[in-house]
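Participant: My structure is below; once you've seen it, I'll send some questions.
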Amino acid sequence: MNSHLSYFKPYSKTDREYQLEDDLTRAFALCLKRDPLLLHEVLKYIMKDNEEIYNRLFNQKKKDPDFENDIQRRAKDVEEFEILFAVSLTGLRLDVDKFNSYNAEKVGDQRPDMYIRANNVAIIFEAKPDDRDCSFQLYKQTVDAIANKGVEGMKPIPVDLNWRDLMEMVVRVANFENTLGLSVPLVNDFINLIKRHKHNWLPEIPFNHLDFGNDVLKANERLETAIEVGEFEAIKGRLGFEMNTNWSRELLFEFTNTGLAVIMWPANTKTQGKHILHEKPGVIFSNSVQILGKEYSVEKLFHIKISDSYAKYISSLNGDYEELKSNIFKSNNFWKYSGRKDRNLGQWDEIETFFDQTFESTFDWREKTNWRKLEKSNMNRILISFGHQVRIEIPYEDLRSIDTDKENVQPVVDLLTECKNKFENIFITSEDIATKTVSV
């Protein structure tokens, strides 16, 4: 489950198209207020062709700093300024050379989408959630502001802060802060808002242009965008989403040396395990699945997990079912040996004896679980689950064949949808094993 609610994802999509422009502006403004590094990057970008203005503002410490950040403030209510920047924020490039050639005699009561003032420098923003031209509307706002508060004869300085340029900055700042281990849920949620609305504004690369060996982060970003666009329930901190089965809750993805691994851990808790008990554990999962018309073999392993009393992972045993001398997944074994085990009640000794009887002598379960270290610890209670790992691997050539257009992530969404549907049906119930084919 996600550890926080999204700042910018409403409970309902009702009337979302009508409020989208305000959603984007408010989200951007809030990120600027909460993230000084992002604010600095944006201001530096706006003033990149006017370094002398930037230097006057920030090259020396101010005794009385004067800074404002507001949305929907009337242009005529903007505080006194000597320099005015007019910033266009749309999917369309602003023609800065033509900006001050407009003629606007009657401007009315103008309300810029966002307003920033740093000492004597004012910046007004007009944003659009698409590729509409906002240049004339932005020009009228500058006329209104200058007429009421500016210096006579002043010309605004037009700036094209295109959504693509902005999101490149936002992603770079988020990556930098995440690298430092800083918590940036606000900025990450803003990126997810853009993913849901216009993922092509993000600095992404489709799979067919990726060198997966060197571009794993870019591959992760593309997959994360597809998860967001497809409205899957993402798992915070991991590449994957939640499932709708009572015997497994997560489907995770990992880019390997040769392809995309799709991995599920059925019966990862005792509660999940009670739904898939069977005399022949290797048989209860399909041998292959078809994803977008191609068949992939299913790798099946046992996965015995050891956690502390707070369900925090300690270690696990993973291996082929042939490593088992007897079936740990039988009902009597499951109910007796899985779940919470208390050292003081002698239950750890029972587990040790059971594992010695269960695994082949060549399978050193003590070393694989660091059991000796666990015995020397101060821990008295552990949780044990008798589960499985099922996975497929989709080769990179298959990924490249379906994802060729940066502007269209839907083929990757379709791939994830297929994976979700097939893995939710990969478990064959006891009643079906005798009659159902083992390919879904």
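Participant: Report the antiparallel proportion of the DSSP beta bridges in the chain as a percent, rounded to a multiple of 5.
Facilitator: Values: 51 of 63 bridges.
Bridges in the chain are about 80 percent antiparallel.
Participant: Sticking with this one: Given springs between every Cα pair under 10 Å in a Gaussian network model of the chain, which of LYS236, LYS300, LYS140 has the largest fluctuation?
Facilitator: Per the Cα network of the chain with a 10 Å cutoff, LYS236 tops the list.
Participant: Setting aside same-chain residues fewer than 8 positions from LYS280, which aspartates and glutamates have a Cα under 15 Å from its Cα?
Facilitator: Result set, ordered by chain and number: ASP320, GLU322, GLU323, GLU431, ASP432.
Participant: Take the chain, connect every pair of alpha-carbon atoms lying under 10 Å apart with a spring to form a Gaussian network, then pick out the residue of ASP349, ASP133, ASP70 with the largest mean-square fluctuation.
Facilitator: ASP349
Participant: Please identify, among ILE71, ILE351, ILE284, the residue showing maximal mean-square fluctuation in a Gaussian network model of the chain using a 10 angstrom Cα cutoff.
Facilitator: Sorting by GNM fluctuation, first place goes to ILE351.
Participant: Still on this model: With the cut-off at 1.5 for a/c, could you classify region 301-383 from its C-alpha gyration tensor as rounded, prolate or oblate? It would help to have the intermediate numbers written out before the result.
Facilitator: On the way: a/c = 1.62, a/b = 1.38, b/c = 1.17.
Judged from the Cα gyration tensor, region 301-383 comes out prolate (a/c at least 1.5, a/b above b/c).
Participant: If the cut-off is a Cα-Cα distance under 19 Å, which lysines reach LYS406, setting aside same-chain residues fewer than 8 apart in sequence?
Facilitator: Candidates past the 8-residue exclusion: LYS195, LYS198, LYS218.
Participant: Specify the inter-centroid distance of region 201-278 and region 70-116, based on alpha-carbon positions, in whole Å.
Facilitator: 43
Participant: With a cap of 13 neighbouring Cβ atoms within 10 Å, and only residues DSSP puts in a loop, list the GluC sites (Glu not before Pro) found in region 143-199.
Facilitator: Values: sites: GLU152, GLU168, GLU177; in loops: GLU152.
Answer by residue number: GLU152.
Participant: Then there is this: Out of all DSSP beta bridges in region 42-168, what portion is antiparallel? Express it as a percent rounded to 5.
Facilitator: On the way: 10 of 21 bridges.
Within region 42-168, antiparallel bridges account for around 50 percent of the total.
Participant: Among the lysines, which fall within straight-line cross-link reach of LYS341, defined as a Cα-Cα distance under 23 Å, with same-chain neighbours fewer than 8 residues apart omitted?
Facilitator: LYS270, LYS274, LYS305, LYS312, LYS325, LYS330, LYS368, LYS373, LYS376
Participant: Please list, in order along region 52-57, the HN-Hα scalar couplings obtained from phi with the Karplus expression 6.51 cos²θ - 1.76 cosθ + 1.60 (θ = phi - 60°), rounded to whole Hz, x for Gly and Pro.
Facilitator: For region 52-57, the Karplus curve yields 5, 5, 4, 5, 4, 6 Hz.
Participant: In degrees, nearest 10, range 0 to 90: what is the angle between the Cα axis of helix 135-149 and the longest Cα principal axis of the chain?
Facilitator: Around 60 degrees separate the two axes.
Participant: Add -39500 (n - 2.57) for each DSSP H run of 4 or more in the chain, then divide by its residues: what number comes out at 222 nm, to the nearest 500 deg cm²/dmol? Provide the component values of the computation, followed by the final result.
Facilitator: Details: 14 runs with 154 residues, N = 440.
The helix contribution divided over the chain gives -10500 deg cm²/dmol.
Participant: What label, among (1) 57, 24, 17; (2) 30, 27, 22; (3) 37, 23, 23, belongs to semi-axes √(5λ) of the Cα gyration tensor in Å computed from the structure on display?
Facilitator: Structure-derived value, by its label: (1).
Participant: Related question: Mind checking the angle between helix 347-358 and the chain's longest principal axis? C-alpha axes, 0 to 90 degrees, to the nearest 10.
Facilitator: It works out to around 70 degrees.
Participant: While we're here: Which of the trypsin sites (Lys or Arg not before Pro) found in region 304-342 are in a DSSP loop and have at most 15 neighbouring Cβ atoms, other than their own, within 10 Å? All intermediate terms of the calculation are to be shown ahead of the outcome.
Facilitator: Details: sites: LYS305, LYS312, LYS325, LYS330, LYS336, ARG340, LYS341; in loops: LYS312, LYS325, LYS330.
Sites meeting the loop and neighbour criteria: LYS312, LYS325, LYS330.
The numbers here are math on the coordinates, done by the rules we state, and not lab data. The structure displayed is predicted, hence computed values, not measured ones. Methodologically, a virtual Cβ is constructed for each residue, glycine included, from the backbone with ideal geometry; neighbour enumeration extends over all protein chains shown.
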